[in-house]
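Following: one structure in C-alpha cells, then a few remarks.
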Amino acid sequence: MSQVINYSSLKPAYNIKAKRTFTVVRKYAFLFTLMVAIAGQFEPKLGLLVIPIMIGLLIASFFKGRYWCGNICSHGSYYDSLLLPFSRNTKIPKFMQWTALSLIVMAWFGFRMGTGFMRAAESYGTADFWDKTGVVFVNAYMMVVMVGTTFSLLVSPRMWCNVCPMGFMQKLSHFMGRKAKVTKATEEMVTISDEQQCHKCAKCARVCPMQLSPYNSFNKKNQFDSNNCIKCSTCVGNCPAGILTFSNENTARFITKNVKKEAGENRGRFTTTIHRITALKGDVKEFVFQLSDESIKFKAGQFILVKIQDKPEMFRAFSVSYFDEENNRIGVTVKKAPNGYGSEILFNDFEEGMTVVLEGPLGDEIVIDEKTKKAVFVGGGIGITPFVPLVQDAIERDQIEEVKLIYGVNKESELIYIDKFKAMEKENNKFEFIPVIAFDDKWPGQKGFVTNVLEQLDLTDNVIYMCGPKPMIDASLKTLSQLGVKKEKIRYESA
Ligand SMILES: Cc1cc2nc3c(=O)[nH]c(=O)nc-3n(C[C@H](O)[C@H](O)[C@H](O)COP(=O)(O)OP(=O)(O)OC[C@H]3O[C@@H](n4cnc5c(N)ncnc54)[C@H](O)[C@@H]3O)c2cc1C
Ligand code: SF4
Ligand code: SF4
C-alpha cells in the first residue's frame, strides 16, 4: 500500500507580493489621499474634493462593479503602491468578508459623518460652513489612513477594502446596475478562455490583492463573477498560461468560442505512484511517476501538472523530461525555486512510493511542427527539460534533416543531461549539441549567451523552438528579429 501525501500539513508562504499590475493612476493616486488627510488638517476645504469622488465612484460602480477600487481609488493606490513592499502580506481573516461587519463599519462611519454634517449645518450661511463640511471628509480620510495602514502592515495591503463603506456602497450601486440590466455590456470580468488549459497553479489567487480565488470559481460563462473583485487585472497579467482576459459577457462568449483548444484536448487525470526521485544537481531533481493501467497521449514538448495541494486543489506545471511508453512511466525535472511554494513541497515532502495525482498533458507551443525540416532548439537553465524528449523525437522523425540544440547556463555546474545529449550527438549525424556558458572562464567550449550562438548560425529555413526564463526568451526574440527570422518560424514557452 502506497503512502499518501499529507497535504494539509504543508504551509509555506502563499501570497505573492510581486508583479502586481500598476497603471499611472493606480501608482500615484495615493497623493490625493495624503493631501486630503494631512494637508486637510490645515486647509479643511480640501475635504470638499471628496464629494465629486464619491459621486464618480457610485456612477462607475453602477456600470462596472468595483472597478473604481482597483483602478482609481486613492486609498487603494496608497495600499498597493506605497505599503505593499512593507506589508507582511499574510492571509486576511475570513470574518473581514462578513456582510454584518461591513454594515457595522458603515453604520459607524455614517453616524460620525452624519453628526459632523449636522454640526456644519448649524453654521450654514456663515464663512465656517464649508470648513466644517470639509473637515468631516478630512477626518474620514485620516481614519481610513490610520486603520488601513495598520491592516496593511500587519496583515495584507487591501484588508481594509473588505469593510470599506465606499466599497459597500459600490456593491449596492452595482446591484442596482445589474437589476437595470445595464452591466451586461459595460461590466468587464476576469474571463478564462479555456478551462482545459488552466494549470490550476493558483497564481491568480496568490497575487490577488483581495485574496480571491478566480481559478476554482469560474461560472458557466467562463467568468469570475464576484462582487468583491476590484477589477485590478493583476491576476490577468500574472497567469502563466495566458488564458485570462478582462472582458464583458459578449466578448467572453466570443473568446471562449474561438480559442484554439488543441493545447488541452488530451487532458486527463491520473493517479500515479512516485517510481523514483533522482538528485541531478544540488537544486535540481528528476521525479518519475508510475502510471497504472491508463496510458497518457503525450507529444514531445508538452508539460504535465503535478498536484501539490489538496484544499484548495493546486498543481504545478512541469515539462515532461522523461517518457517510457513501454513501462508506462512519465517524468519531470524540477529546479527548487527560492522560497517557492510548490517546488519546496516536491523537494521536502515527495518520497518514492507516494501517491500523486497528475493532470495533462498540456501545451502545444514547442511540439514539433509537421512541416519543420531543420530545427534549432534553444534551452536556457531549467528550460532544457522538454528538449530531452524533443531531441529524441526530432531524431526519430524522417521529416527532420538536421537539428541543433543550444543549451545556455550561467556556470558549468548547472548543466544537466549533458552526457545524454553528448551520447545522442555521437549516435546521430543530424544532431548537433552546443552547450554555452555565460560566466565560467575555465569552460573550454562556447562562452557567452544563447544569443551569441544564434548570431553565428545560418538560420535560413530553420524553425526555432525555445524554452527558458523570460529574459532569455526576450533577448533571443530580439536577436532573431535582428537576424531577419520571421515570427512564424519561432515557437517558444517560458518556464
Ligand atoms: C509551461 C510550464 C512549464 C514549466 N516547466 C518547468 C520544469 O520543467 N521544471 C521546473 O523546475 N519548473 C518548470 N516550470 C515552473 C514551475 O511550474 C513553477 O512555477 C516553479 O517550480 C516555481 O514554483 P513554486 O511554487 O516553487 O514557486 P512560487 O512560490 O510560485 O514562486 C515563484 C517565484 O516567486 C518568488 N516568490 C514567491 N513568493 C514570493 C513573495 N511573497 N514575494 C516575492 N516573491 C515571491 C519566489 O522566490 C520564486 O522564485 C514550468 C512552468 C510552466 C508555466
Ligand atoms: S480576481 Fe483578479 S481582477 Fe479581481 S481583485 Fe483579484 S486580482 Fe484583481
Ligand atoms: S493557469 Fe494558474 S493563474 Fe492562470 S487561471 Fe489557471 S490557476 Fe489561475
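The values are calculated or read from the model by the stated rules, or taken from the named source; none is laboratory data. If you're wondering where the values come from, they're calculated on a predicted model, not measured in any experiment. Virtual Cβ from ideal backbone geometry, glycine too; neighbours counted across all protein chains shown.
Please return the ranges of helices (runs of 4 or more DSSP H) entirely within the range 173-243 where 3 or more residues are away from ligand 3 (no atom under 11 Å from the Cβ).
Working: elements: 183-186, 203-207, 234-238.
The qualifying helices (runs of 4 or more DSSP H) are 183-186.
So which of Ile296, Ile330, Ile308 is modelled with pLDDT of 90 or more and away from ligand 3 (no atom under 16 Å from the Cβ)?
Values: Ile296 fails: modelled with pLDDT of 90 or more; Ile308 fails: away from ligand 3 (no atom under 16 Å from the Cβ).
Going through Ile296, Ile330, Ile308 in turn, just one is modelled with pLDDT of 90 or more and away from ligand 3 (no atom under 16 Å from the Cβ): Ile330.
List the pairs whose first member sits in the range 36-50 and is assigned to a helix (DSSP H, G or I), whose second member is of a type in the set (Asp, Glu), and whose Cβ atoms are under 6 Å apart, counting only residues at least 6 apart or on separate chains?
Between residues of the range 36-50 that are assigned to a helix (DSSP H, G or I) and residues that are of a type in the set (Asp, Glu), the close pairs are Pro44/Asp131.
Is one or more of the residues making up the range 394-409 surrounded by 19 or more Cβ atoms within 10 Å (Cβ to Cβ), without any contact (Cβ under 8 Å) to a residue 60 or more places away in the chain, over 16 Å from Asn462 (Cα atoms) and not assigned by TED's automatic domain parsing to the domain that holds Phe303?
The answer is yes, given that some residue of the range 394-409 is surrounded by 19 or more Cβ atoms within 10 Å (Cβ to Cβ), without any contact (Cβ under 8 Å) to a residue 60 or more places away in the chain, over 16 Å from Asn462 (Cα atoms) and not assigned by TED's automatic domain parsing to the domain that holds Phe303.
Out of all the residues in the range 244-288, which are in a helix (DSSP H, G or I) and hydrophobic (A, V, I, L, M, F, W, C)?
Ala252, Phe254, Ile255, Ala263
List every residue pair whose Cβ atoms sit under 8 Å apart, with the two residues 6 or more apart in sequence or on different chains, where the first one lies in the range 223-234 and is within 7 Å of ligand 2 (Cβ to nearest atom) and the second, anywhere, is aromatic (Phe, Trp, Tyr).
Phe224/Phe218; Ile230/Tyr67; Lys231/Tyr67; Lys231/Phe246; Ser233/Phe246
Being under 18 Å from Val284 (Cβ atoms), surrounded by 15 or more Cβ atoms within 10 Å (Cβ to Cβ) and assigned by TED's automatic domain parsing to the domain that holds Leu305 narrows it down to one of Ile384, Ile416, Ile345, Ile437, so name that one.
Values: Ile384 fails: assigned by TED's automatic domain parsing to the domain that holds Leu305; Ile416 fails: assigned by TED's automatic domain parsing to the domain that holds Leu305; Ile437 fails: assigned by TED's automatic domain parsing to the domain that holds Leu305.
Going through Ile384, Ile416, Ile345, Ile437 in turn, just one is under 18 Å from Val284 (Cβ atoms), surrounded by 15 or more Cβ atoms within 10 Å (Cβ to Cβ) and assigned by TED's automatic domain parsing to the domain that holds Leu305: Ile345.
Scan the range 440-472 for residues that are surrounded by 14 or more Cβ atoms within 10 Å (Cβ to Cβ), within 12 Å of Gly380 (Cβ to Cβ) and without any contact (Cβ under 8 Å) to a residue 40 or more places away in the chain and jot them down.
Thr451
Picking from Thr126, Thr90, which residue would you name as being within 29 Å of Gln211 (Cβ to Cβ) and either at pLDDT 95 or above or assigned to a loop (DSSP other than H, G, I, E, B) (or both)? It would help to see each step written out before you state the result.
Values: Thr126 fails: within 29 Å of Gln211 (Cβ to Cβ).
On inspection, the qualifying residue turns out to be Thr90.
Here are some residues: Val332, Val288. Which one is in contact (Cβ under 8 Å) with a residue 12 or more places away in the chain and under 24 Å from the mean Cα position of the chain (by Cα)? So that I can check it myself, show each step before the final result.
Working: Val288 fails: under 24 Å from the mean Cα position of the chain (by Cα).
Just a single option satisfies the conditions, and that option is Val332.
Among the residues of the range 333-353, write down those that are of a type in the set (Val, Ile, Thr) and either more than 6 Å from ligand 1 (Cβ to nearest atom) or closer than 23 Å to Tyr215 by Cα (or both).
As a first pass, look at the range 333-353 and keep what is of a type in the set (Val, Ile, Thr): 333-334, 345.
Within the range 333-353, just Ile345 meets the criteria.
Here is a yes/no grid of residues against (1) modelled with pLDDT under 95; (2) out of contact with any Lys or Arg (no Cβ under 7 Å at 6 or more places or on another chain):
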| position | (1), (2) |
| --- | --- |
| Phe175 | no, yes |
| Lys181 | yes, yes |
| Ala185 | yes, yes |
| Val190 | no, yes |
| Asp194 | yes, no |
| Cys198 | no, yes |
| Leu212 | no, yes |
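Can you name every residue in the range 369-392 that is in contact with a strand residue (DSSP E or B) (Cβ under 7 Å, 6 or more places away or on another chain) and part of a helix (DSSP H, G or I)?
Gly381, Ile382, Gly383, Ile384, Phe387, Val388, Pro389, Leu390, Val391
With the condition kept exactly as written, say whether any residue in the range 239-254 is under 21 Å from Ile92 (Cβ atoms), within 18 Å of the chain's Cα centre (by Cα) and either within 16 Å of ligand 1 (Cβ to nearest atom) or among the charged types (D, E, K, R) (or both).
Checking the range 239-254: not a single residue is under 21 Å from Ile92 (Cβ atoms), within 18 Å of the chain's Cα centre (by Cα) and either within 16 Å of ligand 1 (Cβ to nearest atom) or among the charged types (D, E, K, R) (or both).
Residue-wise test of (1) among the acidic types (Asp, Glu); (2) within 14 Å of ligand 2 (Cβ to nearest atom); (3) not assigned by TED's automatic domain parsing to the domain that holds Gly268.
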site: Asp194; (1), (2), (3): yes, no, yes
site: Cys204; (1), (2), (3): no, yes, yes
site: Leu212; (1), (2), (3): no, yes, yes
site: Asn216; (1), (2), (3): no, yes, yes
site: Lys220; (1), (2), (3): no, no, yes
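When the residues of the range 484-495 are narrowed to those that are touching a residue at least 24 places away in the same chain (Cβ under 8 Å) and either over 19 Å from Gly379 (Cβ atoms) or small (Gly, Ala, Ser) (or both), which ends up surrounded by the most Cβ atoms within 10 Å (Cβ to Cβ)?
Going through the range 484-495, the residues touching a residue at least 24 places away in the same chain (Cβ under 8 Å) turn out to be 485, 489-495.
Now narrow it down to the ones that are either over 19 Å from Gly379 (Cβ atoms) or small (Gly, Ala, Ser) (or both): 494-495.
Details: Ser494: 17, Ala495: 22.
Filtering the range 484-495 for residues that are touching a residue at least 24 places away in the same chain (Cβ under 8 Å) and either over 19 Å from Gly379 (Cβ atoms) or small (Gly, Ala, Ser) (or both), the one surrounded by the most Cβ atoms within 10 Å (Cβ to Cβ) comes out as Ala495.
Any chance the range 151-164 includes a residue that's of a type in the set (Val, Ile, Thr) and in a helix (DSSP H, G or I)?
Quick first cut of the range 151-164, residues of a type in the set (Val, Ile, Thr) only: 155, 163.
Then keep just the ones that are in a helix (DSSP H, G or I); that gives none.
Among the residues of the range 151-164, not one is of a type in the set (Val, Ile, Thr) and in a helix (DSSP H, G or I), which makes the answer no.
Could you check, for the range 18-28, whether at least one of its residues is under 29 Å from the mean Cα position of the chain (by Cα), surrounded by 13 or more Cβ atoms within 10 Å (Cβ to Cβ) and within 16 Å of ligand 3 (Cβ to nearest atom)?
Within the range 18-28, one or more residues are under 29 Å from the mean Cα position of the chain (by Cα), surrounded by 13 or more Cβ atoms within 10 Å (Cβ to Cβ) and within 16 Å of ligand 3 (Cβ to nearest atom).
Given the criterion in contact (Cβ under 8 Å) with a residue 12 or more places away in the chain and within 13 Å of ligand 1 (Cβ to nearest atom), identify the matching residue among Ile296, Ile384, Ile368. Can you show your working first?
Working: Ile296 fails: within 13 Å of ligand 1 (Cβ to nearest atom); Ile368 fails: within 13 Å of ligand 1 (Cβ to nearest atom).
Of the residues listed, the single one that is in contact (Cβ under 8 Å) with a residue 12 or more places away in the chain and within 13 Å of ligand 1 (Cβ to nearest atom) is Ile384.
So in the range 186-232, with the set limited to residues that are crowded, with 20+ Cβ neighbours inside 10 Å and of a type in the set (Gly, Ala, Ser), which one is nearest to ligand 1 (Cβ to nearest atom)?
The extreme case among them is Ala202.
Taking Tyr141 and the conditions (1) part of a loop (DSSP other than H, G, I, E, B); (2) of a type outside the set (Gly, Ala, Ser); (3) under 20 Å from Arg26 (Cα atoms), which numbered condition does it fall short on, given that it satisfies the others?
Of everything listed in (1) part of a loop (DSSP other than H, G, I, E, B); (2) of a type outside the set (Gly, Ala, Ser); (3) under 20 Å from Arg26 (Cα atoms), Tyr141 misses just condition (1).
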